[in-house]
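The next block holds one structure in the form of structure tokens; read it before the comments.
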Amino acid sequence: MAGKKKSKKTRESHPTRPTKPISRLLRLPKGPVNLAKLDTAATPGYPGVGKADAPALTQALAPELSDLQERLYANGRSEPERAPRLLVVLQGMDTSGKGGVIRHAMGLVDPQGIQLTSFKVPTEEERKHHYLWRIRKALPNPGMIGIFDRSQYEDVLVVRVEQLVPVSEWNRRYDEINAFEREVADSGTTIIKCFLHVSFAEQKQRLADRLASPAKYWKYNPKDVDARAKWPAYQEAYTDALERCNTDHAPWFVIPADRKWYRNWAVAQLVREHLIGLNLSWPDATFDVAAEKTRVAKS
């Protein structure tokens, strides 16, 4: 007896593209922000059925991302004075997955085209300058994708919660950051600001996981528990940063981060969509192609 014909749904694989543009689904609307109402375990736009699909769906982005990044890089080499740049800003509480995004999402492209900067506690040299001095120094070169692991927002987050400067000082920094980001965007840099939104419960689980295996001890920092004790203050600080620095030239994207597999896929999709938006073509040859073909053939 012939077997039953499989349904179209089971015969075909899941689509690899989001159900709607991720840049639309994850963009934070302007206006008041209530972090408690933003689901940290949501999966908006995800075309698969869950975690099992994630590795294949994320890896499926690699060929197109690689091509798009190479176009960007090629334009930077060919016409550096006109070539665009891309800047991916990763912010989030400890364990939200900044490192994971860098490895699994940004790891899909050629590392030669990446400029990664991790902003730690300011050095003595950096403290001698305006807080944006070290940020300016790290901006991506023409044709490059810059990645900020933490960013200028540390100066309205940690600095605020730990009371390192007066309220009047950190309060005026929101406008300074907006003006700075406007300047950066006007210079040809597309800014993708990602807030990796992790829950209080998930953070606790991830910290516990780091203590459960000697292979993860290196990831654990006792200071993370100190910061965890100030969770409400950090949530308030993030709320203000998201509300007051959510502009058209540098909008915030809120990435649900409780599901690592979704977080990584979503950021990779965001980068893909923004690279497509640059509408880059391959640089024209600066030499006589036909003549060079003849020369190579005769060589």
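Couple of notes before you dig in:
- Residue ranking by accessible heavy-atom surface, 1.4 Å probe, largest first, among ARG263, ARG27 comes out as ARG27, ARG263.
- The figure for ARG173 is an accessible area of roughly 20 square angstrom, using a 1.4 Å probe on the protein chains alone.
- Using a probe of 1.4 Å on the protein chains alone, the accessible area found for CYS194 is around 0 Å².
- Fraction in percent of alpha-carbon pairs per bin - 10 Å, the chain: 5, 24, 32, 22, 9, 5, 2, 0, 0
- Heavy-atom SASA rank of ASP226, ASP67 (probe 1.4 Å, accessible area, largest first): ASP226, ASP67
- The range 115-210: C-alpha gyration tensor shape, a/c 1.5 cut-off, then a/b vs b/c: oblate
- Placing unit charges on the Cβ atoms only, positive for Lys and Arg and negative for Asp and Glu, gives the chain a dipole magnitude near 1400 debye about its Cα centre.
- ARG172 contributes about 130 Å² of solvent-accessible surface, heavy atoms of the protein only, 1.4 Å probe.
- Normalised alpha carbon radius of gyration of the range 34-106 [divisor 2.2 N^0.38 Å]: 1.45
- Aspartates and glutamates whose Cα lies under 18 Å from that of LYS51, excluding same-chain neighbours fewer than 8 positions away: ASP39, GLU202, ASP258
- Heavy-atom accessible area ranking, 1.4 Å probe, most first, across SER96, SER168: SER168, SER96
- Of GLY277, GLY92, GLY45, the one that fluctuates the most in a GNM where the chain has Cα springs shorter than 10 Å: GLY277
- Antiparallel DSSP beta bridges within the chain, as percent of all bridges there, nearest 5: 5 percent
- Under a model in which nothing but the beta-carbon of Lys, Arg (+1) and Asp, Glu (-1) is charged, the range 116-200 shows a dipole of about 80 debye around its Cα centre.
- For ILE192, distant residues with modelled amide H under 5 Å away: LEU87, VAL88, VAL89
- Extreme residue, positive dipole direction of the chain, given options GLN91, ILE177, HIS249 (C-beta unit charges): GLN91
- When the GluC sites (Glu not before Pro) in the range 134-227 are filtered for DSSP coil states and for at most 16 other beta-carbon atoms within 10 Å of their beta-carbon, the remaining sites are GLU162.
- Separation of the alpha carbons by more than 26 angstrom is noted, of LYS223/LYS260; LYS98/LYS204; LYS20/LYS137; LYS37/LYS193, for LYS20/LYS137.
- Most fluctuating residue given options LEU61, LEU211, LEU38, as computed from a GNM of the chain linking Cα atoms under 10 Å: LEU211
- Estimated from the Cβ-Cβ distance and a Förster radius of 25 angstrom, the FRET efficiency linking LYS293 and GLN112 is about 0.40.
The values are calculated or read from the model by the stated rules, or taken from the named source; none is laboratory data. Please read all numbers here as calculations on a predicted model, not as lab measurements. Cβ atoms come from the backbone with ideal geometry, glycine included; neighbour counts cover every protein chain shown. Side chains are part of the model used for accessible areas, which takes the heavy atoms of the whole protein and leaves out ligands, DNA and RNA. Shrake-Rupley method; radii C 1.70, N 1.55, O 1.52, S 1.80 Å.
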